[in-house]
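Okay, structure first, notes after.
The values are calculated or read from the model by the stated rules, or taken from the named source; none is laboratory data. All values reported here derive from a predicted model rather than from experimental measurement. In this analysis, Cβ positions are derived from the backbone assuming ideal geometry, glycine residues included, and neighbour counts consider all displayed protein chains. Ligands, DNA and RNA are excluded from the accessible area calculation, which covers all protein heavy atoms including side chains. Shrake-Rupley method; radii C 1.70, N 1.55, O 1.52, S 1.80 Å.
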Amino acid sequence: SEEASPEMVVRLLKHYCSAMSEIIFEHGGTLDKYIGDGLMALFGAPNATPKDSCSAIIAAIEMQREMKYINDEVRAIGFGEISIGIGLHTGEATVGYIGSERRWEYTAIGDTVNLSFRLESNARPGEILVSEETKRATGQTLCTFLPRDPITVKNRKQPVKIFEVDWRRMETTA
């Protein structure tokens, strides 16, 4: 955005957010909010299913794959490539309308949300990082999980075991 007009940045964000939102919806996710150039999505809210963690990972893989097409368009209008990192954690959260007396919104709060945010913050461009809980909830057949060094995150006493989804080697039919 440093080198682009505000109108061009808005155009790019609209395209990016539209593409990512559609992927989330296609896999049963709920779009919680846009956070600058990022998105927060919930899987399993308001109604949880045993497939929520798998749906979240499949959506994340499709989002990373979609970045190729978004970047084709970004390059065509003269910008450098953009990239995303994704973090997923599985667990319970408080979900509902939260806020003040004057403004509230449907969202999720709690340790599960905080850890998801920390994983996303540690994900490098093109990565999908998941917690041990998400890996366990999806089973071993969905994809290959590459162990990463545990990370220490704010408000957690013990380091968190994390894994990277090896999505680049998966068939494109995921």
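Computed quantities for the displayed model
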| item | result |
| --- | --- |
| Any hit, region 71-80, residues being of a type in the set (Lys, Arg), modelled with pLDDT under 95 and not in a strand (DSSP E or B) | yes |
| Residue, modelled with the lowest pLDDT, within region 3-44, restricted to residues that are among the acidic types (Asp, Glu) and farther than 19 Å from Lys68 by Cβ | Glu3 |
| Lone qualifier among Arg156, Arg75, Arg102 - being surrounded by fewer than 17 Cβ atoms within 10 Å (Cβ to Cβ), out of contact with any strand residue (DSSP E or B) (no Cβ under 6 Å at 6 or more places or on another chain), in contact (Cβ under 8 Å) with a residue 40 or more places away in the chain and among the basic types (Lys, Arg) | Arg156 |
| Scope region 108-125; condition over 18 Å from Asn155 (Cβ atoms) and open to solvent by less than 10 Å² (accessible area, probe 1.4 Å); matching residues | none |
| Failed item in (1) assigned to a loop (DSSP other than H, G, I, E, B); (2) farther than 26 Å from Arg148 by Cα, with Thr107 passing the rest | (1) |
| Scope region 1-29; condition farther than 24 Å from Glu81 by Cα and in contact (Cβ under 8 Å) with a residue 40 or more places away in the chain; matching residues | none |
| Enumeration of residues in region 1-60 that are under 20 Å from Glu133 (Cα atoms), polar (S, T, N, Q) and open to solvent by 40 Å² or more (accessible area, probe 1.4 Å) | Asn47, Thr49 |
| Ile84 vs. criteria part of a loop (DSSP other than H, G, I, E, B), under 15 Å from Met40 (Cα atoms) and not hydroxyl-bearing (Ser, Thr, Tyr) | yes |
| Residue among Ala59, Ala108 that is of a type in the set (Gly, Ala, Ser), in contact with a strand residue (DSSP E or B) (Cβ under 7 Å, 6 or more places away or on another chain) and within 24 Å of Leu31 (Cβ to Cβ) | Ala108 |
| Which numbered condition Gly110 misses (of (1) at pLDDT below 95; (2) more than 18 Å from the chain's Cα centre (by Cα); (3) more than 20 Å from Val9 (Cα to Cα); (4) small (Gly, Ala, Ser)) | (2) |
| Members of region 136-147 that are crowded, with 17+ Cβ neighbours inside 10 Å and either over 16 Å from Ala59 (Cβ atoms) or touching a Ser or Thr at 6+ places or on another chain (Cβ under 8 Å) (or both) | Ala137, Thr138, Phe145 |
